[in-house]
Amino acid sequence: MKIPLCFIAAAAVAVLAPAGCDPIAEPRLCGQIPQGGCPVGRGGTCGDAACRALYDCLEGAWTEVARCDSPEAPAGDGDAGVGGGPGACEVVTLDRSGEAAGCTPALQQPDCPAAAAENCVDTACWTGCIDFFLCTEEGWRAIAYCDEQGRVTVTP
């Protein structure tokens with residue numbers, strides 16, 4: 001019995017195709033922030049009396065970026081990078097007007113939701129994300145990306 005060449009080629013593609021797909025890793029959440037800590041990605045500032053330190057969520061763990069009781073700590077204008085001291089953090093601020101829920105298809109890395117970019121400009125790209133999208137009524141809209149230096153750049 002002679003097997004047609006196209007049948008062999010189709011069988012090979014069917015066997016090898018799934019092997020070329022790497023599973024997409026979900027962004028790792030940090031969970032509960034340390035007591036007295038405030039997240040820089042959500043507007044945490046040393047101007048808030050409840051904040052003893054500012055934290056950034058990196059690779060599933062909270063990382064301290066500024067101590068609010070230190071002389072280098074930024075005062076309270078909402079930008080943790082203004083102090084320029086050790087561990088200072090320039091926070092990414094995105095215009096999320098028009099945000100909606102339920103966009104399909106779901107994003108797959110290196111595409112990530114806008115919330116993943118709202119951390120320190122220098123560290124938000126450590127998550128493996130390259131492009132950040134906002135879900136709107138019209139669908140996904142590109143809102144920021146990681147530049148060649150590994151910093152988040154907001155799309156105009």
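The values are calculated or read from the model by the stated rules, or taken from the named source; none is laboratory data. Keep in mind it's a predicted model, so treat the numbers as computed, not measured. Note that we place each Cβ from the backbone using ideal geometry, even for glycine, and neighbour counts take in every protein chain shown. With ligands, DNA and RNA removed, areas are computed over all heavy atoms of the protein, side chains included. Shrake-Rupley method; radii C 1.70, N 1.55, O 1.52, S 1.80 Å.
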| THR136: over 21 Å from GLU59 (Cβ atoms), surrounded by 15 or more Cβ atoms within 10 Å (Cβ to Cβ) and of a type in the set (S, T, N, Q), yes or no? | yes
| ARG42 at pLDDT 80 or above, of a type outside the set (Ser, Thr, Tyr) and open to solvent by 50 Å² or more (accessible area, probe 1.4 Å) | no
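For GLU99, are the conditions met, namely being within 28 Å of PRO34 (Cα to Cα) and either modelled with pLDDT under 80 or in contact with a helix residue (DSSP H, G or I) (Cβ under 8 Å, 6 or more places away or on another chain) (or both)? Let's see the steps before the verdict.
On the way: within 28 Å of PRO34 (Cα to Cα): no; either modelled with pLDDT under 80 or in contact with a helix residue (DSSP H, G or I) (Cβ under 8 Å, 6 or more places away or on another chain) (or both): yes.
So GLU99 fails the test.
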| query | Is it true that ALA106 is surrounded by fewer than 17 Cβ atoms within 10 Å (Cβ to Cβ) and free of Cβ contacts under 8 Å to residues at least 24 places away in the same chain? | reply | yes
